[in-house]
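Note sheet for the following structure.
The values are calculated or read from the model by the stated rules, or taken from the named source; none is laboratory data. Just so it is clear, the model here is predicted, and its values are computed rather than measured. Note: ideal-geometry Cβ built from the backbone for every residue, glycine included; neighbour counts use all protein chains shown.
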């Protein structure tokens, strides 16, 4: 399992979003409070952010624990953004522990993270893989279930469906018993997230900002738990939650 977070709103430093909160993503790497599977998230981390006027996000990823990277503190102190997606990773045996396996994954204007696991990988996802054109398979960034799920989501995005629909269809396309599919993505203006098998919360970060996270980053009031089997869609000024479809129509 992993922990992840996305933010939209007025520009804030990465330090303010990830490190400063008492129970922020930085601390969740070794002391998560609501994680249902695994106890630490020390198998890599990553953060993606959007600079003003540039729709293509930048990324910083490493294959080590977030607390073990001295460069992050300097980076987090000076980088400011109004759209951020970050994750800390708890790797699954057999799926590799290289930097390329750490979220966020990226393509064009999108960032993506997967908090969960698909039992029986890779054989259990053969039907999903068979639905993809060959170029999506040979272009997988890492030999992981998360990378394949992102390839399927990108395939749906390329067909013209909106980001929330692409995530919902990706979750629905996985017909594996016990699959945990908390997917999180953004294009810099919208956050979309599925909840299936682990926790997700959101809160208003400011009058014009929203924070979506695997678990609350502090104990302040205003956090809302997202029910299991849900699809969340958030912009800087609105949040909607609906039931997640069981299968693709």
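Summary of values
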| quantity | calculated |
| --- | --- |
| Complete set of residues in the stretch 57-80 that are closer than 26 Å to residue 189 by Cβ and within 17 Å of the chain's Cα centre (by Cα) | 57, 58, 59, 60, 61 |
| Test: residue in the stretch 128-145 that is closer than 19 Å to residue 113 by Cβ, in contact with a strand residue (DSSP E or B) (Cβ under 6 Å, 6 or more places away or on another chain), surrounded by 20 or more Cβ atoms within 10 Å (Cβ to Cβ) and in contact (Cβ under 8 Å) with a residue 24 or more places away in the chain | no |
| Strands (runs of 3 or more DSSP E) wholly inside the stretch 1-120 that include at least 1 residues being surrounded by fewer than 19 Cβ atoms within 10 Å (Cβ to Cβ) and in contact with a helix residue (DSSP H, G or I) (Cβ under 7 Å, 6 or more places away or on another chain) | 2-13, 58-62, 105-107 |
| Filtered residues of the stretch 221-249 (kept if at pLDDT 95 or above, surrounded by 13 or more Cβ atoms within 10 Å (Cβ to Cβ) and assigned to a loop (DSSP other than H, G, I, E, B)) | 223, 226, 228, 229 |
| For residue 149: the one exception among (1) in contact with a strand residue (DSSP E or B) (Cβ under 9 Å, 6 or more places away or on another chain); (2) buried (at least 17 other Cβ atoms within 10 Å of the Cβ); (3) within 23 Å of residue 39 (Cα to Cα) | (3) |
